[in-house]
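The values are calculated or read from the model by the stated rules, or taken from the named source; none is laboratory data. No experiment lies behind these values; they were computed from the predicted model shown. Here the Cβ positions follow ideal geometry from the backbone for every residue, glycine too, while neighbour counts run over all protein chains shown. To get the accessible areas, we keep the full protein, side chains included, count just its heavy atoms, and leave off ligands, DNA and RNA. Shrake-Rupley method; radii C 1.70, N 1.55, O 1.52, S 1.80 Å.
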Amino acid sequence: MQRNHSSELQMSGTLTKRWIIYLVGIYILTLGISLAIRAGIGISPQSSLTRTMTLIYPGLTQGTYSFMLELLMLLFAYLVLPKDFKLKNFAGLIPALALSLFLDLNLMLTSFIQLEVYYAKVILLAFADAALAFGLFLMIQANLVLIPVDLFVNTLFKKTQKKWGNIKTVFDCSLLVVSACIGLLFLGEIKFIREGTIINAILVGQYIKLYTYLFKRAKASKTNDDPTLING
């Protein structure tokens, strides 16, 4: 998941309010992931990996595999920059656990969705990506702890000093390669990596740009309508 720390766009408010926004964002994010899975034409790199694992060993849920991946990323973040690793980084496991639980819940709630018509699958995926992006947008605005996957990407950014976007792209591609290799090795075919994976990569970024634009417009409108905010 992409995380862009922009101070001018982050929501203000009490810590409790920001945690509520953060958790709501996680729930909407996992709803989007679940709907994308039900569309059945390809999902994001991280989801494709954890979803593939459920086919190899169905004894564990996708949410469980997702949390295991977060634990692995936390370890990798430490190994990349051990001196920069702080105890507070473990706080990222709280939203990671919430994400895992919400994911399993939403997968259960959406299990009735079975589409046969291709265009309906594309429409569902577009809606799923809109929900996923909005959940991610809320998490960014809440500006709280990084979940381990994002922490690892940020750690690589600090270590290499390369462009964040390039690092994120390489990371996502690496997850795709791992997912494909595991699928070929254990299942004899690549699973969950299709045209929807590309659609996801394009739409999520565009949706976030749209939400950011709308949020800035709403914030500017509120400021103009309230003289105390202008004068204060």
Can you name the number of the only condition in (1) part of a loop (DSSP other than H, G, I, E, B); (2) of a type in the set (Val, Ile, Thr); (3) out of contact with any helix residue (DSSP H, G or I) (no Cβ under 7 Å at 6 or more places or on another chain) that Ile123 fails? (1)
Assess whether Phe127 counts as being farther than 23 Å from Leu175 by Cβ, open to solvent by 30 Å² or more (accessible area, probe 1.4 Å), within 18 Å of the chain's Cα centre (by Cα) and at pLDDT 95 or above. yes
Suppose the filter is under 14 Å from the mean Cα position of the chain (by Cα), part of a helix (DSSP H, G or I) and at pLDDT 95 or above; does Phe152 pass it? yes
Boolean, Leu60 is without any contact (Cβ under 8 Å) to a residue 60 or more places away in the chain, farther than 27 Å from Glu195 by Cβ, aliphatic (A, V, I, L, M) and open to solvent by 20 Å² or more (accessible area, probe 1.4 Å): yes
Given the options Leu203, Leu210, Leu146, name the one that is part of a loop (DSSP other than H, G, I, E, B) and closer than 26 Å to Val24 by Cα. Leu146
Which members of segment 63-98 meet the condition of being open to solvent by less than 40 Å² (accessible area, probe 1.4 Å) and farther than 19 Å from Thr155 by Cβ? Gly63, Tyr65, Ser66, Ala98
Taking Asp84, is it charged (D, E, K, R) and either assigned to a helix (DSSP H, G or I) or in contact with a Cys (Cβ under 6 Å, 6 or more places away or on another chain) (or both)? no
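Inspect segment 46-54 for any residue being out of contact with any helix residue (DSSP H, G or I) (no Cβ under 7 Å at 6 or more places or on another chain) and over 25 Å from Tyr118 (Cβ atoms) and give the result as yes or no. First the steps, then the outcome.
Keep residues of segment 46-54 that are out of contact with any helix residue (DSSP H, G or I) (no Cβ under 7 Å at 6 or more places or on another chain), which gives none.
No: zero hits.
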Going through Leu69, Leu101 one at a time, which residue ends up being without any contact (Cβ under 8 Å) to a residue 60 or more places away in the chain, under 20 Å from Leu136 (Cα atoms) and of a type outside the set (Gly, Ala, Ser)? Leu101
Would you check if Gln141 is part of a helix (DSSP H, G or I) and either under 16 Å from Leu29 (Cβ atoms) or more than 16 Å from the chain's Cα centre (by Cα) (or both)? yes
Within segment 37-71, tally of residues that are under 19 Å from Leu184 (Cβ atoms) and part of a helix (DSSP H, G or I): 13
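Conditions (1) open to solvent by 70 Å² or more (accessible area, probe 1.4 Å); (2) closer than 30 Å to Val122 by Cβ; (3) hydrophobic (A, V, I, L, M, F, W, C), marked per residue:
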| position | (1), (2), (3) |
| --- | --- |
| Leu151 | no, no, yes |
| Lys159 | yes, no, no |
| Lys163 | yes, no, no |
| Lys168 | no, yes, no |
| Asp172 | no, yes, no |
| Ile182 | no, yes, yes |
| Thr197 | no, yes, no |
| Leu210 | yes, yes, yes |
Mind listing just one residue for me: the one in segment 99-115 that is open to solvent by less than 50 Å² (accessible area, probe 1.4 Å) and in a helix (DSSP H, G or I) and, of those, nearest to Leu146 (Cα to Cα)? Leu99
